[in-house]
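Heads up: the structure comes next, in C-alpha cells.
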Amino acid sequence: MLRSRAVQRLLLVSASALCAPSASAGITGVCPDGSIFIAPREALIPCARAKIIEPEEVPPMRPEYLPRPYSWQVYNEGKNPNNAYNLVDQAREVRRLRDGQLPETAEAEGDDDVAAPPPRATRRQRKGPVDLGLTDGELRDLFYIVELNQDRVPASFERDSAAGDDVLIVSLAWSESFESRLLGAWQGHGPEGRVLLFSAVARRPESFYANFTFSQGHLTFQPKADDRRQFGLLQGRLGALGANSVVLGYLVLPDRFDLGAPLDVYWNDRRIDVIFQP
C-alpha cells in the first residue's frame with residue numbers, strides 16, 4: 001500500500017510538471033561549442049557566454065546538411081508573401097482600399113523590411129546614384145570584365161530551353177576599379193560596401209529580374225532593386241528582353257560580407273558557391 005501511494009505521488013508530480021506554464025519549463029540556449037541546452041534555472045546553465053533563445057528559435061543541429069543555409073531560409077520565409085504572418089497586413093490593406101481609405105505609408109524606424117512605395121510611372125528613373133560619366137566604350141569594357149572573369153572565377157547562372165540551348169545567362173564579377181569608382185562617386189554620402197557587377201544576356205526573348213540573395217555564415221542580404229544604394233542599372237532594363245539583349249548593372253553588398261571567403265549566391269531558385277577574391 002505504501003509503495004502504491006508513492007507511485008501515485010510520483011505520477012501527480014510528473015503530471016503537474018507537464019501541465020505547468022511554459023515560463024517555468026526552463027531556459028533554452030546555445031553554448032559556444034554548438035550544443036543546445038534547457039536548464040531549469042540560470043545557475044544550472046552548463047557553459048559560459050551562452051546565447052539565451054526562445055524555444056522557437058532553436059537552430060538545426062547540423063545546418064551544413066541542409067540544402068540551403070538556415071539563415072537564408074529564415075530570411076526568405078519572412079519575405080514570403082504567402083506566409084500567413086504577412087497575409088494579415090495584406091488583407092488589412094485590401095480592406096482599407098475596399099472601404100475607400102488611403103493605403104498606409106508609415107515608415108518603421110530602423111526596419112529595412114518595410115517596402116518603399118513603388119515609384120510613379122511618370123517619374124524618370126536614374127540609372128545610378130550619381131552620374132558616373134561612363135562612355136559607351138567603358139560600358140563595353142565593364143561587360144567584358146564580367147565575361148572574362150568567368151574563366152578565373154565562375155559565377156554564372158544559366159536558364160536553358162527544353163532543347164538544352166542557353167536562353168538567358170546571368171553572370172557576376174568583382175572589379176576593383178569599378179568598385180573604387182562607384183564608391184568614390186558617392187563623395188562620402190553613400191554606403192560603404194562591396195560592389196559586384198552583373199550582366200544578363202538573352203539569346204532569345206526572355207524576362208530577367210534581379211532576384212539575387214547573398215548568404216555568408218549568419219549574414220543574408222537581398223538587394224532592393226528600387227534602392228540605388230544597393231542596386232543600379234548601367235545598361236538595359238529589367239523585365240521582358242528581346243533576343244540578343246544585354247543588361248549590365250551593379251550590386252552593393254554590406255561591407256560585413258567577405259569577398260575573399262565562400263559566398264552563397266542565389267538567383268531565383270538557382271544557387272552557386274563562389275569566392276570573388278580568391
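Determine if segment 21-36 includes at least one residue that is open to solvent by 100 Å² or more (accessible area, probe 1.4 Å) and either modelled with pLDDT of 85 or more or within 28 Å of the chain's Cα centre (by Cα) (or both).
Within segment 21-36 (the criterion being open to solvent by 100 Å² or more (accessible area, probe 1.4 Å) and either modelled with pLDDT of 85 or more or within 28 Å of the chain's Cα centre (by Cα) (or both)), the answer is yes, since at least one residue qualifies.
Could you tell me which of the residues 158, 138 is at pLDDT 85 or above and touching an Asp or Glu at 6+ places or on another chain (Cβ under 7 Å)?
158
Which residues, taken from segment 169-215, are under 23 Å from residue 152 (Cα atoms) and of a type in the set (Asp, Glu)?
Within segment 169-215, 176, 179 qualify.
Conditions tested, residue by residue: (1) hydroxyl-bearing (Ser, Thr, Tyr); (2) surrounded by 14 or more Cβ atoms within 10 Å (Cβ to Cβ).
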| residue | (1), (2) |
| --- | --- |
| 250 | yes, yes |
| 256 | no, no |
| 268 | no, no |
| 272 | no, yes |
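Starting from segment 247-268, take each residue that is of a type in the set (S, T, N, Q) and list its partners that are at pLDDT 95 or above and assigned to a strand (DSSP E or B), counting only C-beta distances under 7 angstrom and pairs at least six apart or across chains.
none
Test of understanding: among 178, 214, 198, 208, which residue is within 15 Å of residue 254 (Cβ to Cβ), at pLDDT 90 or above and of a type in the set (A, V, I, L, M, F, W, C)?
214
Condition first: over 24 Å from the mean Cα position of the chain (by Cα) and closer than 21 Å to residue 146 by Cα. Can you find one or more residues in segment 206-226 that meet it?
yes
The values are calculated or read from the model by the stated rules, or taken from the named source; none is laboratory data. This one's a predicted model, so the numbers in the text were calculated from it and none came from an experiment. For neighbour counting, all protein chains shown are included, and Cβ atoms are generated from backbone atoms with ideal geometry for every residue, glycine included. Surface accessibility is based on the protein's heavy atoms, side chains included, excluding ligands, DNA and RNA. Shrake-Rupley method; radii C 1.70, N 1.55, O 1.52, S 1.80 Å.
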